[in-house]
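Engineer: A single structure is presented below for examination.
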Amino acid sequence: MKKPKKALNIQKGVESVSPINQKAKLNAKRFQKKQKPAQYYIEGILESNRTILSQAITLVESVHPKHQAKAREIIQGCLPHSGNSIRIGITGVPGVGKSTFIETFGLYLCKDLNKKVAVLAVDPSSEKTGGSILGDKTRMEELSVEKNAFIRPSPSASSLGGVSRKTRETIILCEAAGFNTILIETVGVGQSETAVHSMVDFFLLLMLAGAGDELQGIKRGIMEMADAIALTKADGDNALACKKAKNNYQYALHMLPAKESDWIPPVLLTSSLEKFGISEVVDTIESFKNKTSITGYFDHHRKTQNQYWFHESMKSRIGDLLYSFTRVKEQIQQLDEAIIQSKINPFDASDQVFETFIKEITKQQK
Ligand code: GDP
């Protein structure tokens, strides 16, 4: 019997790759291998080309020594064009409403204030587990298609190591690409806040009201870093609880030591869903920038941050160099084991590693 004709005929699987496809594959490989010069990325970034900006960030995130060297060149080229922005750190426990806030806040900045906003994420979980809290969800749907916004999820599992240094370098590239508002999101669980604090001008802590424990496991240290607390979801049934909590938090903030900036952090009520309190957050940040610019703190803070990053960058490069010697790497693995077995103390172990390191470097220079 003749089979009836169907629109969806099941095709036989392709048995061999056609020569044309093979050629395309080869070309793609060659393209990947062909390194573009740093100048190509620098020019692309300065022209605000997002694709090139993304590619350059991938180089920054790469652990490959060749990519790292290229990334350094790109950063050098972008540095003179960076710095012209406000860098805002946004933190809070999972569920506090960070993504929703950033979506509403970011859209307000782009659409109402005509700002160019880059959103970066520092996710300590990705460094430890290879998974990413911040990358998994479908987040910031409207902001991700907004022409004045650029969202870069946290580095993937294949590009781990020094997530915070990479974020810092990514800020430089985004600023050179013309983004004048940089939002850096982190999960408020205490690991990455210090790193984020060391790269932002303003640190915004998002908190919930009426969630039982008023401080929600937010460590005192994080409260001390905050330049403002925004109580999220201050709408509907939660509105009254938020008003009460506002006073409690304001009191808690007054109890903390005065800030070097002389800035008194306010507590703000916000609702990302009902879109209120958002312009107040913007005004607060503006006011912070104006006041601290007048006192000189704003510039001073960035300079001390640069000093901090100078030291961090040296440490991280020396660390990379240390591990780049196979003999040293193997010795570290053996000594790690020896320490567990109590065969050696950590100080003697590090002396031994250092000795091998010096020998290897001297050998290399001969
Ligand atoms: P994150 O884990 O901190 O990024 O939190 P999300 O932004 O994913 O928000 C967690 C939950 O809170 C989601 O179900 C949101 O819809 C809800 N949410 C966020 N902002 C608001 C708000 O302003 N009002 C209310 N009522 N719910 C909100």
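Engineer: I'm trying to understand the selection: among the residues of the range 57-73, which are open to solvent by 90 Å² or more (accessible area, probe 1.4 Å), within 14 Å of residue 172 (Cα to Cα) and touching a residue at least 24 places away in the same chain (Cβ under 8 Å)?
Structural biologist: Across the range 57-73, the qualifying residue is only 73.
Engineer: While we're on this one: Hey, among 303, 289, 359, 315, which residue is more than 25 Å from the chain's Cα centre (by Cα) and of a type in the set (Lys, Arg)?
Structural biologist: 359
Engineer: Continuing with the same structure: Tell me which residues, restricted to the range 232-270, are more than 10 Å from the ligand (Cβ to nearest atom) and acidic (Asp, Glu).
Structural biologist: Correct list: 260, 262.
Engineer: Output the number of residues of the range 323-336 satisfying the condition of being more than 19 Å from residue 166 (Cβ to Cβ) and modelled with pLDDT under 90.
Structural biologist: Residues meeting the conditions: 0.
Engineer: Quick check on this structure: which one of 256, 268, 321 is surrounded by 16 or more Cβ atoms within 10 Å (Cβ to Cβ) and touching a helix residue (DSSP H, G or I) at 6+ places or on another chain (Cβ under 9 Å)?
Structural biologist: So the residue among 256, 268, 321 that is surrounded by 16 or more Cβ atoms within 10 Å (Cβ to Cβ) and touching a helix residue (DSSP H, G or I) at 6+ places or on another chain (Cβ under 9 Å) is 268.
Engineer: Could you please find all residues in the range 81-116 being assigned to a helix (DSSP H, G or I) and within 12 Å of the ligand (Cβ to nearest atom)?
Structural biologist: Across the range 81-116, the qualifying residues are 98, 99, 100, 101, 102, 103, 104, 105.
Engineer: Of the numbered conditions (1) at pLDDT 95 or above; (2) aliphatic (A, V, I, L, M); (3) open to solvent by 30 Å² or more (accessible area, probe 1.4 Å), residue 172 fails exactly one; give the number of that condition.
Structural biologist: Exception for residue 172: condition (3).
Engineer: Looking at the range 299-318, which of the residues that are farther than 23 Å from residue 88 by Cβ and charged (D, E, K, R) is surrounded by the most Cβ atoms within 10 Å (Cβ to Cβ)?
Structural biologist: 317
Engineer: Select, from 71, 157, the only residue that is of a type outside the set (Phe, Trp, Tyr), modelled with pLDDT of 90 or more and more than 15 Å from the ligand (Cβ to nearest atom).
Structural biologist: 71
Engineer: Follow-up. Out of the range 271-315, which residues are of a type in the set (S, T, N, Q), modelled with pLDDT of 95 or more and more than 16 Å from the ligand (Cβ to nearest atom)?
Structural biologist: 284, 287, 290, 292, 293, 295 - these are the residues of the range 271-315 that are of a type in the set (S, T, N, Q), modelled with pLDDT of 95 or more and more than 16 Å from the ligand (Cβ to nearest atom).
Engineer: To continue, here is another question. Give the residue, chosen from 326, 295, 270, that is in contact with a strand residue (DSSP E or B) (Cβ under 8 Å, 6 or more places away or on another chain) and polar (S, T, N, Q).
Structural biologist: Among 326, 295, 270, only 270 is in contact with a strand residue (DSSP E or B) (Cβ under 8 Å, 6 or more places away or on another chain) and polar (S, T, N, Q).
Engineer: Quick check on this structure: which one of 135, 131 is over 26 Å from residue 231 (Cβ atoms), within 16 Å of the ligand (Cβ to nearest atom), modelled with pLDDT under 95 and assigned to a helix (DSSP H, G or I)?
Structural biologist: 135
The values are calculated or read from the model by the stated rules, or taken from the named source; none is laboratory data. As the structure is a prediction and not an experimental result, all values here were calculated from the model. As a convention, Cβ positions derive from the backbone with ideal geometry for all residues, glycine included, and neighbour counts pool all protein chains shown. All accessible areas refer to the heavy atoms of the entire protein, side chains included, with ligands and DNA or RNA removed. Shrake-Rupley method; radii C 1.70, N 1.55, O 1.52, S 1.80 Å.
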